[in-house]
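Working notes for the structure below.
The values are calculated or read from the model by the stated rules, or taken from the named source; none is laboratory data. Treat the numbers as computed from the prediction; the structure is a model and nothing was measured. Glycine gets a Cβ as well: all are built from the backbone with ideal geometry, and neighbour counts include every protein chain shown.
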Amino acid sequence: MWPRDFDKRLAAWAELRAKCQSATADEAMQMINSWWFAAPWRNYHLHWDDQLAWPDPWQLLNDNIYCELARGLGMLYTISMIDHKDLTSSQLVLTEEGYNLVLVNQGKYILNWDVDMTVNTPLPTGIKKRFTQEQANQLFQ
């Protein structure tokens with residue numbers, strides 16, 4: 001169940017990151033994808049054109065509004081903050097088909113596609129926009 005208040009969400013997110021830090025890459029990806037899919041969903045909240053105004057990880061948890069893009073952003077933030085040695089190249093992308101996906105390790109893992117994590121699945125064709133792990137890290141350095 002998704003925590004109702006900010007302090008509990010923050011504690012649950014810290015616990016998730018701690019578990020992922022010592023997990024295998026496969027386990028970490030599954031935990032992150034599942035945790036963020038439990039977030040309360042809303043049809044629209046963030047937009048790619050407003051990227052400069054996107055919330056940092058703590059504001060995202062505080063706002064507690066998660067469209068597909070916000071959920072993917074939360075996944076990318078989580079991956080960026082755990083600093084897992086086997087998860088080095090992650091990005092949030094907008095595909096030509098309109099999906100907001102998190103691609104990890106050059107697309108080996110695809111998060112935010114389905115509640116069940118996707119591994120080694122052909123990507124939808126074309127990427128229109130991207131937000132990289134390095135860009136995410138700059139928000140909280």
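Descriptive notes on the structure:
- Taken over region 26-50, the criterion of being of a type outside the set (D, E, K, R), more than 24 Å from L94 (Cβ to Cβ) and out of contact with any helix residue (DSSP H, G or I) (no Cβ under 8 Å at 6 or more places or on another chain) is satisfied by no residue.
- Only strands (runs of 3 or more DSSP E) whose full extent lies in region 27-141 are considered here, and the ones with at least 3 residues that are more than 11 Å from the chain's Cα centre (by Cα) are 127-132.
- L52 being among the hydrophobic types (A, V, I, L, M, F, W, C), at pLDDT 95 or above and within 16 Å of A136 (Cβ to Cβ): no
- Boolean, S80 is under 24 Å from S22 (Cα atoms) and modelled with pLDDT under 90: no
- Set D63, D50: member being loosely packed, with under 13 Cβ neighbours inside 10 Å, acidic (D, E) and within 26 Å of G98 (Cβ to Cβ): D50
- Selected residue (criterion: surrounded by the fewest Cβ atoms within 10 Å (Cβ to Cβ)) from residues of region 24-47 that are in contact (Cβ under 8 Å) with a residue 40 or more places away in the chain and more than 14 Å from E68 (Cα to Cα): T24
- Within region 1-18, residues that are touching a residue at least 12 places away in the same chain (Cβ under 8 Å) and over 19 Å from L76 (Cα atoms) have Cβ atoms under 9 Å from residues that are assigned to a loop (DSSP other than H, G, I, E, B) and not hydrophobic (A, V, I, L, M, F, W, C) in these pairs: F6/N64, counting only partners at least 6 apart in sequence or on another chain.
- Search result, residues across region 83-100 that are surrounded by 19 or more Cβ atoms within 10 Å (Cβ to Cβ), under 19 Å from S22 (Cβ atoms) and of a type in the set (S, T, N, Q): S90
- For region 128-141, taking the residues that are surrounded by 15 or more Cβ atoms within 10 Å (Cβ to Cβ) and closer than 12 Å to V102 by Cα, the one that is modelled with the highest pLDDT is identified as F131.
- Here G98 fulfils each of the conditions (1) more than 24 Å from G126 (Cβ to Cβ); (2) at pLDDT below 95 apart from (1).
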